[in-house]
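Here is the structure we will look at.
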Amino acid sequence: MAADGAHVPTRVKAKRNEKRGTGRWQEAKGFRIYLLGQDRIVHLASWHQIQNEEQFGKDLAVVASRIPQHQVRIGLLGDGAEWLWKHMTSCFPKGRQILDYYHCAEHIHKVAKVQYGENSQQALEWVESTVCRLFFAEVNSVVGGLRRMKPKDSEAGEEIRKLIGYLNHNHDRIHYQGDRIGGYPIGSGGIESANKFICHTRLKRSGAWWVKETGNEMLRIRCAVYNGTYDKVFVRYKNANLPHD
């Protein structure tokens, strides 16, 4: 199970003869649940809505209640955002928490860039050794090395400080070798793909700015298509709008 946010362009609802007004970007919070086999991925459900994290948690809880959690091993994938871990662990309390490997690596590369220079040999060597140690769950070793590192300048010092906090906060979610052995994914490509094909492809078009309610209606349709439930949803919609005697 993976969760993430996708930013989409929104605007305030206006009457037909009024100016549209200034638009703003809002986060469509979403999750994707899938089964991972040895040679294929079986999609179960995707859900995205422009909403706050409280409503996200309620939506996730509905789906979680329909999954026989005692019959499957559950992996929870996400970046460092606290809101998604709060609700994923609440809905799947026995899930194995996995910090997205590639998101973690981005933080490593950022420190290397400001400390040693972009694409320098020293930066490449430091990134490779640091990522390798994190792969084997040697988080304390990496944090210790960062604490001993002499910052190049104030910018490097700030990035080193932030990386130490990031690794300490996600300490128990970094165990990539064990994840590989156990057959768990270590990258959140599943939810990133859902962000692209459900949200971005349709909502982030040139000149498109969505009223929140309309955008969410479109997202619900997109999710139904990808979840394979569109026909059932449409039949239910037609029946609900038929004239009653």
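The values are calculated or read from the model by the stated rules, or taken from the named source; none is laboratory data. Keep in mind the model is a prediction, meaning the values are calculated, not measured. Virtual Cβ from ideal backbone geometry, glycine too; neighbours counted across all protein chains shown.
Worth a mention:
- Cβ separations smaller than 9 Å between residues 6+ apart or across chains give the following pairs from segment 135-148 residues that are at positive phi to residues that are surrounded by 17 or more Cβ atoms within 10 Å (Cβ to Cβ) and not in a helix (DSSP H, G or I): 137/174; 137/175.
- Those helices (runs of 4 or more DSSP H) of segment 153-228 in which 2 or more residues are closer than 30 Å to residue 39 by Cα occupy 176-182, 189-194, 212-227.
- Number of positions in segment 55-110 that are assigned by TED's automatic domain parsing to the domain that holds residue 168, among the small types (Gly, Ala, Ser) and more than 17 Å from the chain's Cα centre (by Cα): 0
- Test: residue in segment 22-36 that is of a type in the set (Ser, Thr, Tyr) and under 21 Å from residue 208 (Cα atoms): yes
- Residue pairs whose Cβ atoms lie under 7 Å apart, sitting 6 or more positions apart in sequence or on different chains, and linking a residue in segment 7-21 that is in the same structural domain as residue 219 (by TED's automatic domain parsing) to a partner that is modelled with pLDDT under 70 and surrounded by 11 or more Cβ atoms within 10 Å (Cβ to Cβ), are 11/20; 11/21; 12/21; 14/20; 14/21.
- Scanning segment 194-245 for residues that are hydroxyl-bearing (Ser, Thr, Tyr) and free of Cβ contacts under 8 Å to residues at least 60 places away in the same chain turns up 201, 206, 214, 229, 230, 237.
- Test: residue in segment 195-213 that is within 22 Å of the chain's Cα centre (by Cα) and of a type in the set (Gly, Ala, Ser): no
- Test: residue 15 is of a type in the set (D, E, K, R) and buried (at least 17 other Cβ atoms within 10 Å of the Cβ): no
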